[in-house]
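Chemist: Please see the structure below; I have some questions.
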Amino acid sequence: MKCKNCGAPLDEGALFCRRCGTAVPKAPEPAPKRIVKKKNGVLSGITDWVADRAGWIGKWCADVFDKVRNWFGGLKDSKLFQNRRLLMLTGAGAALLLVLIIIIASAASCKKTEKYKTPEELTAAVIDALDAGDGERLYKMSKLSHKVLGEHTELFGEGDTPEAVMQGYYQRMAEEVKEKRAAIEDTDGALTGQTETNIITDTSIYETNRALGLEAAQYAEITGPLLEDDAFVANVRIVAVELDGEWKLLVVYLY
């Protein structure tokens with residue numbers, strides 16, 4: 001390398017010419033190479049293709065894409081994202097549990113009518129239903145009475161069916177018991193009964209039922225007062241029939 005002013009040879013790395021003192025210009029430093037991060041996926045391949053063919057605009061778009069992708073990657077690993085994901089999983093689990101509860105409840109409601117092995121068990125269930133004011137439960141317990149009532153169409157109004165008549169009957173009974181209990185002062189206990197059971201083996205008095213196919217070996221008539229905190233509410237009469245080893249409700253009366 002020679003001095004541009006006098007032409008004298010210059011030492012390697014010299015800052016001035018030894019002959020004329022002219023400053024030696026510094027050699028330009030090579031431009032730094034652009035480090036390209038390896039990208040994966042279809043979108044990364046597209047951005048690389050755009051960056052190579054669209055000049056600085058393509059490079060700017062590629063850089064923005066990298067920053068956005070890195071931001072979402074960091075968000076995915078953050079506690080906030082993990083908590084949201086946990087919340088979503090918890091919500092999905094709760095929804096599934098709710099669906100299972102609804103299915104189980106529906107299946108339970110479709111079960112057969114409750115079974116009672118003795119007249120006393122049946123009586124306790126009737127009193128529990130009256131205590132709860134649940135006329136619908138009494139109605140479901142007395143399905144046999146629909147068959148008997150169907151023979152007495154003179155009791156029906158226009159458009160009535162045995163089911164509608166019995167449903168209304170027990171709903172009114174439940175409301176009547178509720179009103180009688182409300183009229184008693186200073187009582188807030190459960191409804192109880194002091195009933196007696198009379199087993200009837202002479203089924204000839206139930207010829208109507210026999211004619212309808214209720215071939216029972218015996219019937220039960222349960223009578224007695226209903227009480228709340230030893231205060232009289234009403235007298236009850238329950239008629240039940242034994243079929244296939246189970247006691248089924250025919251009808252309930254209040255008097």
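Chemist: For a protection proxy built on the mean count of beta-carbon atoms within 10 angstrom, sort 226-232, 185-191, 137-143 highest first, please. Please list the in-between numbers first.
Modeler: Working: 226-232: 15.4, 185-191: 11.6, 137-143: 19.9.
Top of the packing list down: 137-143, 226-232, 185-191.
Chemist: Find out how many positive minus negative residues lie around D188, taking Lys and Arg as positive, Asp and Glu as negative, among other residues whose Cβ is under 14 Å from that of D188.
Modeler: Working: positive: K178, R181; negative: D131, E185, D186, E228, D229, D230.
Local net charge: -4.
Chemist: Ok, one more. For C3, what charge total do you get from the other residues with a beta carbon under 13 Å from its beta carbon, if Lys and Arg give +1 and Asp and Glu give -1?
Modeler: +3
Chemist: Any chance you could check the Cα centroid distance between region 179-204 and region 238-255 for me, in angstrom?
Modeler: One Cα centre to the other: 15 Å.
Chemist: Follow-up. In what order do V239, V251, V64 fall by count of nearby beta-carbon atoms within 10 Å, going from fewest to most?
Modeler: Working: V239 20, V251 17, V64 11.
Placing the least packed residue first, the sequence is V64, V251, V239.
Laboratory data are not the source of any read-out in this text; all were calculated from the coordinates shown. This structure is a prediction, so every number in the text was calculated from the model and none was measured. With ideal geometry, Cβ positions are generated from the backbone for all residues, glycine too; neighbour counts draw on all protein chains shown.
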